[in-house]
Amino acid sequence: MTDTQVIEILSGALLISAKLAGPVLLSALVIGVVVSLLQTVTQIQEQTLTFVPKLVGVGVILLLGGSWMLRELVAWVTELWRSIPTLT
């Protein structure tokens, strides 16, 4: 296995992990900012108020995009397994 092949596999792994984690993290970020703005405007400083909307938002994203995420991951792993015989 050459250095180029290792870097190619690692870059593919990083890309697929960013593609899969991106929607979940982005939704949590947007929900967190919106709730923080609402807390600032209303001066309610309850710590648990931010947790439940983030949990619901991440759950909705996983329900809506979970099948796509699973297909992307399976396709990448399948391609990785197919490339094993060509690695020297």
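The values are calculated or read from the model by the stated rules, or taken from the named source; none is laboratory data. Keep in mind that this is a model prediction, so the values were computed, not measured. Note that each Cβ is placed from the backbone with ideal geometry, even for glycine, and that neighbours are counted across all protein chains shown. Just the protein is used for accessible areas: all its heavy atoms, side chains included, with ligands, DNA and RNA removed. Shrake-Rupley method; radii C 1.70, N 1.55, O 1.52, S 1.80 Å.
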Fill in: Magnitude of the charge dipole, the chain, Cβ model with Lys/Arg +1 and Asp/Glu -1, debye to 20
180 debye
Response to the item:
For the chain, the accessible surface attributable to carbon and sulfur atoms (probe 1.4 angstrom, ligands and nucleic acids excluded) amounts in percent to 74 percent
Worksheet item: What's the angle, to the nearest 10 degrees (0 to 90), between helix 51-82's Cα axis and the longest principal axis of the chain?
Response: 0 degrees
Discussion item. What percentages make up the Cα-Cα pair-distance distribution of the chain when the bins are 10 Å wide from 0?
Written reply: 15, 32, 22, 17, 10, 4, 0
Worksheet item: What ranking of 16, 44, 7, 61 comes out by heavy-atom accessible area, probe 1.4 Å, highest first?
Response: 7, 44, 61, 16
Worksheet item: What are the semi-axes of the equivalent ellipsoid of the stretch 38-88, taken as the square roots of 5 times the eigenvalues of the Cα gyration tensor, listed largest first and rounded to whole Å?
Response: 43, 12, 7
Item to complete: Skip the ligands, DNA and RNA, and give the accessible area per residue of the stretch 1-41 with a 1.4 Å probe, whole Å².
Response: 69 Å²
Discussion item. What does the net charge come to around residue 23 if you take all other residues with beta carbon closer than 15 Å to its beta carbon, with K and R at +1 and D and E at -1?
Written reply: +2
